[in-house]
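Heads up, the thing below is written out as C-alpha cells.
The values are calculated or read from the model by the stated rules, or taken from the named source; none is laboratory data. Being a predicted model, the structure only gives us computed values, none of them experimental. Don't worry about glycine lacking a Cβ; one is built from the backbone with ideal geometry, like all the others, and counts go over all protein chains shown. Heads up: the accessible areas ignore ligands, DNA and RNA and are worked out on the full protein's heavy atoms, side chains in. Shrake-Rupley method; radii C 1.70, N 1.55, O 1.52, S 1.80 Å.
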Amino acid sequence: MEQRHLGRTGLRVSRIGLGTLTWGRDTDEHDAADQLKTFWEVGGTLVDTADVYGGGEAEYLLGQLVERLVPRRDLIIATKAGSVPDPYRRFDGSRGHLLAALDASLERLGTDYVDLWQIHAFDTGTPLEETLHALDIAVTSGRARYAGVSNYCGWQLAKAATWQLAAPGIRTRLASTQMEYSLLQRGVEREVLPAAIDLGVGLLPSSPLGRGVLTGKYRHTTPSDSRGASDHMAPFVEPYLDEAASRIVDAVATAAEGLATTPLEVALAWVRDRPGVVAPIIGARTAHQLTAALSVESLSLPDEICQALDDVSAPVHRYPDQDWSTL
C-alpha cells in the first residue's frame with residue numbers, strides 16, 4: 001500500500017487507515033484479529049482507536065493483538081483522549097484529564113508510546129493553550145511521537161495549529177486533524193480543509209463511506225446485519241438516508257457500473273485522493289468487508305468521473321466561505 005506523509009511531518013502512514021470504533025462491542029477478538037492481520041498483510045500501517053471506543057475495550061483488544069499477530073514496529077498506532085461519559089460535560093480537555101487518559105491508554109494498549117495522540121474534540125471549558133500543553137508534554141516525555149486533533153471546526157483548528165507553530169522547538173506542531181468527510185458530508189471543505197492545507201495539517205477522514213450508505217447497501221432495504229438495523233447504530237446511519245443522499249448514492253452506483261467496480265471502491269477512491277487528505281479511516285465489521293475496501297488500492301478515478309461526483313454532491317458555499325469576488 002502507498003505511504004503518505006502525515007501533514008508537514010516526517011511520519012509516513014498507509015493511505016488507508018484501519019478504524020476500531022466497534023472493536024470490543026460489535027467486533028469480537030476473532031474478527032478483530034482477522035482484520036488486523038488482513039490489513040497488515042497488504043501493507044496497512046495506520047490503526048486508529050480512542051480511549052472511549054467500547055469503553056476502553058477497543059484499545060485493550062488492539063493491545064492484546066499487537067506483537068502476537070503483528071510486530072509493534074510495523075504499526076502506526078493512533079488514539080484519542082478528551083471525550084468523557086458525562087452527560088453534563090461531553091469533553092474534558094484539561095491537562096490533568098488528558099495526561100491521565102493517555103497513561104491509561106498506554107496501559108490498555110500494552111505499549112510505552114503511541115505514534116499519534118489526538119485530542120478527540122474541542123473543550124470550550126478549558127483554555128486552548130492548556131489543552132495543547134498536554135500534547136507538548138506527551139511528546140517531550142516520549143509517550144507520544146506525534147500529535148493531532150479531531151472534530152475541530154475551522155477557526156479552532158487554525159487557532160490551535162497557529163499557536164503550536166508560534167514557538168517552534170518548544171511546542172509540538174499539529175500533524176493531523178480527523179474529521180468526517182465523504183461524498184455525503186463535505187462540510188470540511190468550507191473552512192477546515194483550507195486551514196489544514198495552509199497550515200500543513202494532514203486530514204484523516206472518518207466515515208469516508210458515509211457511515212456505510214455509499215456502499216449502496218441501503219438503496220432498497222436495510223440489511224438485518226447492518227449498522228442501520230442495529231438499535232445503537234441506527235441513529236448514526238439515519239441522517240444519510242434522505243432523498244439528497246439517495247441521488248448521490250445512485251450516481252456512485254452508476255459510476256461503479258461504468259468502471260466495472262463497486263460503489264464502495266468509487267466512494268473511497270474519491271475521498272482518498274482529495275487535496276489535503278492523507279488516509280481515510282475504514283471501520284469494517286468483518287475481514288471480508290475490510291478486504292473489499294482495501295481493494296481500492298489499484299483504483300484511480302478518471303477525471304470525468306471525479307467531476308461528475310463533485311457536481312452531484314456539491315455543497316452550497318456562499319459568503320464568506322468562498323471568494324467574495326465570485327459572488
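Heavy atoms only, probe 1.4 Å: what % of the accessible area of the chain goes to carbon and sulfur, would you let me know?
In the chain, the share of accessible area belonging to carbon and sulfur is 51 percent.
Provide the per-residue ³J(HN,Hα) series for region 16-21, in order, calculated from phi with Karplus coefficients 6.51, -1.76, 1.60 and θ = phi - 60°, each as a whole number of Hz, with x at glycine and proline positions.
My calculation for region 16-21 gives 10, x, 9, x, 10, 3 Hz in order.
How large is the charge dipole for the chain, taken about the Cα centre, if only the Cβ atoms of Lys, Arg (+1) and Asp, Glu (-1) carry charge, to the nearest 20 debye?
620 debye
Calculate the length of the line joining the C-alpha centroid of region 238-270 to that of region 135-177, in whole Å.
Between the Cα centres of region 238-270 and region 135-177 lies a distance of 35 Å.
How far apart, in nm, are the 7 Å Cα→Cβ label points at SER298 and THR162?
Each label point is offset 7 Å from its Cα along the Cβ direction, giving 4.7 nm.
Once you put a point 7 Å from the Cα of TYR88 and another 7 Å from the Cα of ILE197, both along the Cβ direction, what distance in nm separates them?
So the two model labels end up 4.4 nm from each other.
I'd like the Karplus ³J(HN,Hα) series for region 281-296: coefficients 6.51, -1.76, 1.60, θ = phi - 60°, whole numbers in Hz, and an x wherever there's a Gly or Pro.
Once θ is set to phi - 60°, the couplings for region 281-296 become 9, 9, x, 10, 7, 9, 5, 4, 5, 5, 4, 4, 6, 5, 5, 5 Hz.
Could you give P(r) for region 60-189, binned at 5 Å from zero, as whole percent values over all Cα-Cα pairs?
For region 60-189, the pair-distance distribution reads 2, 10, 20, 22, 19, 14, 9, 4, 0.
Can you tell me how much longer the chain between ILE170 and ARG68 gets when fully stretched, taken as 0.36 nm per residue apart minus their C-alpha distance, in nm with one decimal?
Working it through step by step, the gained length comes to 33.0 nm.
Regarding region 1-100, what whole-number volume in Å³ per residue does the convex hull of its Cα atoms give?
116 Å³
Scan around ALA144 for amide H atoms under 5 Å from its own, H built in the peptide plane at 1.01 Å from N, and keep only partners 5 or more places away or cross-chain.
Here VAL114, VAL139 satisfy the definition.
Please work out the FRET efficiency for the pair ARG219 and THR286, using the Cβ-Cβ distance as r and a Förster radius of 22 Å; give the result to the nearest 0.05.
0.60
How many angstrom lie between the Cα centre of region 42-62 and the Cα centre of region 286-301?
20 Å
Using the eigenvalues of the Cα gyration tensor, what equivalent ellipsoid semi-axes result for region 161-219 when each is taken as the square root of five times the eigenvalue, whole Å, largest first?
Its equivalent ellipsoid spans semi-axes of 31, 11, 6 Å.
Which FRET efficiency, nearest 0.05, do ASP103 and ASP26 yield, Cβ-Cβ r, R0 35 Å?
The formula returns an efficiency of 0.80 here.
Below 8 Å between Cα atoms, with a sequence gap of 6+, how large is the relative contact order for region 130-216 in percent?
RCO, region 130-216: 29 percent.
Sequence-distant or interchain residues sharing an amide H contact under 5 Å with LEU46, placed H: which?
When sequence neighbours closer than 5 places are left aside, the close amide H contacts are SER14, LEU18, ILE76.
For region 43-135, with the dipole built from +1 on Lys and Arg beta-carbon atoms and -1 on Asp and Glu ones, taken about the Cα centre, which of THR131, GLY96, HIS120 lies farthest toward the positive end?
Selected residue: HIS120.
Taking θ = phi - 60°, what integer Hz values does the Karplus form 6.51 cos²θ - 1.76 cosθ + 1.60 yield along region 138-151, in sequence order, with x for Gly and Pro?
Residue by residue, region 138-151 yields 4, 6, 5, 7, x, 6, 9, 8, 9, 10, x, 10, 8, 6 Hz.
Which value, in Å to one decimal place, does the Kirkwood hydrodynamic radius take for region 137-270 when every pair of different Cα atoms is included?
Computed over region 137-270, the radius equals 16.8 Å.
Reported to two decimal places, what Rg/Rh ratio describes the chain when computed on Cα atoms with Rh from the Kirkwood expression?
On the Cα set of the chain, Rg over Rh gives 0.95.
May I ask you to list the lysines whose Cα is less than 20 Å away from that of LYS80, ignoring any residue fewer than eight positions away on the same chain?
LYS159
If packing is taken as the mean number of other Cβ atoms within 10 Å per residue, what is the order of 171-184, 188-201, highest first?
Put in order of decreasing packing, that is 171-184, 188-201.
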